[in-house]
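Heads up, the thing below is written out as structure tokens.
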Amino acid sequence: MSFFHITLLFSLVVSSFGGPSPSTYDCSTLYSIFAIDNSELGHDLLDYQIRLIDHFNAIAATSKKQSFFTVTSQSGEILTNDYVAPLSEDTNSLNKQVFNVLSQNVDVQNISFYPLLIDICGNVKVEATRNSVQNTVYITIIGSDIIDKENIRIVALNQLNRYLSDISLAIVLDKQYLQNATYMFGGEDRVFHFDINSDTKYDDVANWILKSSCSNSFPATTPTPPTNSPACQLTERICNAAFAIDASPDVLSKLDFEIEKNLVKKVLPETIPYLLRAAYFQYSYLSFNLNDFSTTISPKQLNYYINRLELSHGLNISRAIDYHLMLANEHLYYGSSFSAFIFLSQTPNPSDVQAAISEAEELHTYGPLNFILLNKNVDYKSLLPLKPDNYIYYDLNSNDTDVVAKFIQKTISCKLRVARCW
């Protein structure tokens, strides 16, 4: 935690009731849930995000309403503060919740708020609090390029707004993300651009939240922009990839296998911006340990699952192809993005390669088949019947993992998804 963050935290105690004038908008009871952007870029803007929440609570506390709040945060994993909902004037509770956000492990470059918003929707504590108040407002603060915008829009418009007394809003800290926020949260009237480089006042944002949450001017399902508005259409780059980890001890020693696992733990978060779009498994003649799509959300979870993998007897390249094809068939529609990556430590048996030809042909209809060869003695020509799209040799004794990361970034297949208002 930086010295500035510590100073900011201390200042919340002494400044919450000084300065801001009471809001002119009034509703008798209000519950506000703030979602902080704690990606790497969002973390750099954490001071602005915390001050926004502090000023809102100060104005809400000095108004004629009973106001409750919860501060949550999204990094690789979610932070909920157990959805404790103290009164806005309770600065000790505010400091505790902010301290937990400041202490959160910031482990991803890009985030999606989808896991956090889904958790909010299904939490019994949130439901109990919102049932005890007249109005509930969900405020998402955006300081980076958010991933999985279409699913966020579904949650924001349909689930968070399922009651007439509820509304979901967004505060954008950089103009370049304004159009995306307008799409995700259903209209320009639901989004506030807080320009950190101008003289925009924190109190203006706080009063906007209170006005928005205490009025009936925001329909729950109808977006403000017309369907042909550029503000209600965007494109998003989607990259789905699966990784087969060689677990055969025929060539790999225990140390080699640990190096291979460490390589996977290092390069996946660097090359797959949203780990929920990555699947990975170990393959051998006897074993298959799969972590499917949508099961890993953070590098911490990735490390946990990869560390559990163990060497198992026998190389079986046809199984690696089969498992890739299974993942593609079960989770992806034809034409969506999919890339298959296979780590390989030895030249496969010719009969094993022959057994995989038909499955490899079908796999190619989804996307490229790429090999990361972990031994210079692997004969690449033995893989030609599988028609691999790309390959690279990597020396396990090398520490240059950037070579593999650049290979994945160069060869992964991505598609642009066009999303429009409906």
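Residues checked against (1) in contact with a Ser or Thr (Cβ under 6 Å, 6 or more places away or on another chain); (2) in the same structural domain as residue 139 (by TED's automatic domain parsing); (3) free of Cβ contacts under 8 Å to residues at least 40 places away in the same chain:
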position: 172; (1), (2), (3): no, yes, yes
position: 175; (1), (2), (3): no, yes, yes
position: 201; (1), (2), (3): no, yes, yes
position: 207; (1), (2), (3): yes, yes, no
position: 211; (1), (2), (3): no, yes, no
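Among the conditions (1) touching a residue at least 12 places away in the same chain (Cβ under 8 Å); (2) farther than 26 Å from residue 274 by Cβ; (3) of a type in the set (Ser, Thr, Tyr), the only one that residue 351 does not satisfy is (1). Could you tell me whether residue 112 is without any contact (Cβ under 8 Å) to a residue 40 or more places away in the chain and farther than 17 Å from residue 56 by Cβ? So residue 112 does not fit the description; no. Would you mind stating whether residue 410 is more than 19 Å from residue 321 (Cβ to Cβ) and touching a residue at least 24 places away in the same chain (Cβ under 8 Å)? For residue 410, the condition - more than 19 Å from residue 321 (Cβ to Cβ) and touching a residue at least 24 places away in the same chain (Cβ under 8 Å) - is not met.
Tell me, yes or no, whether region 265-272 has at least one residue that is β-branched (Val, Ile, Thr) and buried (at least 22 other Cβ atoms within 10 Å of the Cβ). Yes, region 265-272 has at least one match. Note on region 248-281: residues that are aliphatic (A, V, I, L, M) and within 16 Å of residue 300 (Cα to Cα) amount to 9. Restricting attention to region 404-422 and to residues that are of a type in the set (A, V, I, L, M) and not in a strand (DSSP E or B), the residue that is nearest to residue 154 (Cα to Cα) turns out to be 412. So in region 293-304, with the set limited to residues that are free of Cβ contacts under 8 Å to residues at least 40 places away in the same chain and assigned to a loop (DSSP other than H, G, I, E, B), which one is farthest from residue 249 (Cα to Cα)? Residue satisfying both the conditions and the ranking: 294. For region 143-162, the criterion of a residue being at pLDDT below 90 and either over 30 Å from residue 294 (Cα atoms) or β-branched (Val, Ile, Thr) (or both) is satisfied by no position. Close Cβ contacts (under 9 Å, 6 or more residues apart or on different chains) running from residues in region 154-166 that are closer than 11 Å to residue 135 by Cα and exposed (fewer than 14 other Cβ atoms within 10 Å of the Cβ) to residues that are of a type outside the set (A, V, I, L, M) and modelled with pLDDT of 80 or more comprise 163/130; 163/136. Against the definition (more than 25 Å from residue 275 (Cβ to Cβ), out of contact with any Ser or Thr (no Cβ under 9 Å at 6 or more places or on another chain) and either among the small types (Gly, Ala, Ser) or not assigned by TED's automatic domain parsing to the domain that holds residue 168 (or both)), how does residue 93 come out, yes or no? Taking the combined requirement at face value, the residue satisfies it. Reported count of residues in region 57-107, each being touching a Leu at 6+ places or on another chain (Cβ under 7 Å), in contact (Cβ under 8 Å) with a residue 60 or more places away in the chain and hydroxyl-bearing (Ser, Thr, Tyr), is 1.
Considering region 305-403, the qualifying helices (runs of 4 or more DSSP H), each wholly inside and each with 3 or more residues that are within 30 Å of the chain's Cα centre (by Cα) and among the aliphatic types (A, V, I, L, M), run over 317-331. Regarding region 322-330, can at least one residue be identified that is closer than 24 Å to residue 116 by Cα and touching a Phe, Trp or Tyr at 6+ places or on another chain (Cβ under 9 Å)? No - not one qualifying residue is present in region 322-330. Restricting to region 47-87, and then to whatever is within 21 Å of residue 196 (Cβ to Cβ) and out of contact with any helix residue (DSSP H, G or I) (no Cβ under 7 Å at 6 or more places or on another chain), can you tell me which residue is surrounded by the fewest Cβ atoms within 10 Å (Cβ to Cβ)? Ranking the candidates gives 48 first. In region 126-148, what residues are surrounded by fewer than 16 Cβ atoms within 10 Å (Cβ to Cβ) and either in contact with a strand residue (DSSP E or B) (Cβ under 9 Å, 6 or more places away or on another chain) or under 23 Å from residue 207 (Cα atoms) (or both)? Across region 126-148, the qualifying residues are 132, 134.
The values are calculated or read from the model by the stated rules, or taken from the named source; none is laboratory data. Worth saying up front: this structure is predicted, and the values here are computed from it rather than measured. Cβ sites come from the backbone with ideal geometry, for glycine too, and all protein chains shown count toward neighbours.
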